[in-house]
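Input: one structure, supplied below.
The values are calculated or read from the model by the stated rules, or taken from the named source; none is laboratory data. Everything numeric here is computed off the predicted structure, so don't read it as measured data. Reconstructed Cβ throughout: ideal geometry from the backbone, glycine too, with neighbour counts over all protein chains shown.
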Amino acid sequence: MPELPEVEVARRALEEHCVGKRIVRCSAADDTKVIDGVAPPRLEAALVGRTIAAARRKGKNLWLALDSPPFPSFQFGMAGAIYIKGVELSKYKRSAVSPTEEWPSKYSKLLVEMDDGLEFSFTDKRRFAKIRFLDDPEAVPPISELGPDALFEPLQLNDYVQSLSRKNTPIKALLLDQSFISGIGNWIADEVLYQARIHPMQAASKISKEKCKALHQCIKEVIEKSIEVGADSSQYPENWIFHSREKKPGKAFVEGKKVDFITVGGRTSAYVPELQKLDGMDATASSAKISREKGRSNKAAREVDDDEEEAKPAKRGRKQSGKATHEVPARMPDTK
């Protein structure tokens with residue numbers, strides 16, 4: 001699912017290509033599961049004639065500031081994606097639209113045309129995303145409930161260390177808690193813990209000060225590197241555990257080390273036992289649980305990122321019909 005880097009790349013693309021332009025046409029899908037709290041025809045009518053003043057983001061949520069409220073906000077869910085016609089954007093497995101499809105995609109939930117002819121579309125293949133129309137997106141859930149943004153509002157190191165020292169939660173679960181820090185999802189959490197050599201089940205309060213410092217630095221470096229390469233996972237460094245996360249148990253390795261899978265905070269978690277060891281009492285208390293969870297994770301057919309941290313479980317919507325459509329994903333400037 002899209003995490004902070006993917007959403008930030010989309011935000012930067014909208015900022016570069018759409019800010020300062022006026023909306024002349026808008027087409028909203030008749031899908032009230034995704035378009036939340038506003039009738040699609042009203043959304044269309046309200047957006048036409050408005051000028052985009054800025055593209056903003058917090059965590060995994062994005063919104064467009066217009067010349068006056070209300071503003072459209074986008075919660076990306078499991079497969080939400082922004083496409084700009086003729087501009088290449090990041091592609092991630094569950095949202096990528098085939099380049100052989102027509103424009104706009106049959107998965108388009110909101111299509112917007114600007115006064116210079118440029119068009120952008122918000123798509124969602126799995127219908128867990130939300131489009132809302134709000135006077136102040138930051139003042140209401142889900143954005144109002146988010147903790148500091150991992151990129152824009154990083155905690156100072158001393159504050160970060162103190163904050164972890166007060167939490168007895170497993171560190172992986174804490175990193176996924178969007179009220180603690182927003183924008184980190186399953187793959188980023190696994191990556192930063194691997195890079196910092198911290199076990200995902202280690203209690204946050206038991207992490208040494210040196211490892212807290214390493215984790216603080218790794219969060220910064222992983223997010224910045226991801227954005228630098230445009231959220232293109234094929235360009236992530238070879239020594240990242242990311243590339244092993246969806247391999248079968250027993251066949252996953254990173255830098256020659258075996259990758260194992262356990263469940264932490266309800267999420268499948270990839271880690272390297274040889275390098276990420278539990279410290280102190282956590283090692284004894286958690287050994288039996290790790291063994292149980294490992295068995296479950298190895299037994300089940302997995303899709304590592306198949307949960308949505310910000311949404312309650314819901315039945316999958318009916319498959320939508322429609323002609324095949326074409327989206328040319330766009331290429332963002334090299335900014336990740």
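Yes or no: R302 closer than 22 Å to G77 by Cβ, under 19 Å from the mean Cα position of the chain (by Cα) and modelled with pLDDT of 50 or more?
So R302 does not fit the description; no.
Taking the stretch 62-83 only, how many residues are within 14 Å of F122 (Cα to Cα) and either hydrophobic (A, V, I, L, M, F, W, C) or in a strand (DSSP E or B) (or both)?
Summing the residues that are within 14 Å of F122 (Cα to Cα) and either hydrophobic (A, V, I, L, M, F, W, C) or in a strand (DSSP E or B) (or both) in the stretch 62-83 gives 14.
Would the stretch 132-145 turn up any residue that is modelled with pLDDT of 95 or more and farther than 30 Å from G49 by Cα?
Within the stretch 132-145, one or more residues are modelled with pLDDT of 95 or more and farther than 30 Å from G49 by Cα.
Can you tell me how many residues within the stretch 237-278 are without any contact (Cβ under 8 Å) to a residue 24 or more places away in the chain and crowded, with 20+ Cβ neighbours inside 10 Å?
Pass one, the stretch 237-278, residues without any contact (Cβ under 8 Å) to a residue 24 or more places away in the chain: 237-239, 243, 247-248, 251-253, 255-259, 273-274.
Narrowing the set further to residues that are crowded, with 20+ Cβ neighbours inside 10 Å leaves 259.
Within the stretch 237-278, residues that are without any contact (Cβ under 8 Å) to a residue 24 or more places away in the chain and crowded, with 20+ Cβ neighbours inside 10 Å number 1.
May I pose another question? Taking the residues in the stretch 180-206 that are buried (at least 19 other Cβ atoms within 10 Å of the Cβ) and among the hydroxyl-bearing types (S, T, Y) as candidates, determine which candidate is farthest from D279 (Cα to Cα).
Within the stretch 180-206, the match that is farthest from D279 (Cα to Cα) is S182.
Which of the residues spanning the stretch 34-63 are closer than 16 Å to E119 by Cα and under 18 Å from the mean Cα position of the chain (by Cα)?
If the condition is that a residue be closer than 16 Å to E119 by Cα and under 18 Å from the mean Cα position of the chain (by Cα), then A55 is the only one that fits.
Can I ask one more? Can you confirm whether the stretch 105-122 contains a residue that is within 19 Å of S233 (Cβ to Cβ) and modelled with pLDDT under 95?
In the first step, residues of the stretch 105-122 are kept if they are within 19 Å of S233 (Cβ to Cβ); the result is none.
The answer is no, given that none of the residues of the stretch 105-122 is within 19 Å of S233 (Cβ to Cβ) and modelled with pLDDT under 95.
Given the options V19, V7, name the one that is buried (at least 19 other Cβ atoms within 10 Å of the Cβ) and among the β-branched types (V, I, T).
Unique residue meeting the criteria: V7.
Starting from the stretch 123-147, keep only residues that are under 26 Å from S68 (Cβ atoms), then list their pairs with residues that are part of a strand (DSSP E or B) and among the small types (G, A, S) whose Cβ atoms are within a distance under 6 Å, requiring at least 6 positions of separation or different chains.
A129/G80; R132/S73; L134/S73; P137/S73; L146/S182
Could you grab me the full set of residues in the stretch 129-150 that are in a loop (DSSP other than H, G, I, E, B) and surrounded by fewer than 21 Cβ atoms within 10 Å (Cβ to Cβ)? Walk me through it before giving the result.
In the first step, residues of the stretch 129-150 are kept if they are in a loop (DSSP other than H, G, I, E, B); the result is 129, 135-136, 140-142, 146-148, 150.
Residues satisfying the conditions are D135, D136, V140, P141, P142, G147, P148.
If I filter the stretch 223-236 for residues that are among the small types (G, A, S) and farther than 21 Å from L62 by Cβ, do I get at least one hit? Steps first, answer last, please.
Our first condition is that a residue be among the small types (G, A, S); within the stretch 223-236, this holds for 226, 230-231, 233-234.
From what is left, the residues that are farther than 21 Å from L62 by Cβ are 234.
Yes, some residue in the stretch 223-236 is among the small types (G, A, S) and farther than 21 Å from L62 by Cβ.
Considering only residues that are out of contact with any Leu (no Cβ under 7 Å at 6 or more places or on another chain), small (G, A, S) and under 29 Å from L176 (Cβ atoms), which ones fall in the stretch 1-40?
G37
For S90, indicate whether it is at pLDDT 95 or above, of a type in the set (S, T, Y) and assigned to a loop (DSSP other than H, G, I, E, B). If you could, list the steps in order and put the result at the bottom.
Working: at pLDDT 95 or above: no; of a type in the set (S, T, Y): yes; assigned to a loop (DSSP other than H, G, I, E, B): yes.
The answer is no for S90.
Which one of these does E102 not meet: (1) at pLDDT below 95; (2) closer than 20 Å to I227 by Cα; (3) charged (D, E, K, R)?
(2)
Quick one: in the stretch 22-61, which of the residues that are of a type in the set (S, T, N, Q), in contact with a helix residue (DSSP H, G or I) (Cβ under 9 Å, 6 or more places away or on another chain) and part of a strand (DSSP E or B) is surrounded by the fewest Cβ atoms within 10 Å (Cβ to Cβ)?
Here the answer is S27.
Conditions tested, residue by residue: (1) surrounded by 17 or more Cβ atoms within 10 Å (Cβ to Cβ); (2) assigned to a helix (DSSP H, G or I); (3) not assigned by the TED database to the domain that holds G77.
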{"residue": "P104", "(1), (2), (3)": "yes, no, no"}
{"residue": "R127", "(1), (2), (3)": "yes, no, no"}
{"residue": "N168", "(1), (2), (3)": "no, no, yes"}
{"residue": "Q178", "(1), (2), (3)": "yes, no, yes"}
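Here is a follow-up. Of all the residues that make up the stretch 59-72, how many are touching an Asp or Glu at 6+ places or on another chain (Cβ under 9 Å) and either over 15 Å from F128 (Cβ atoms) or not assigned by the TED database to the domain that holds A129 (or both)?
Residues flagged as touching an Asp or Glu at 6+ places or on another chain (Cβ under 9 Å) and either over 15 Å from F128 (Cβ atoms) or not assigned by the TED database to the domain that holds A129 (or both) within the stretch 59-72 amount to 6.
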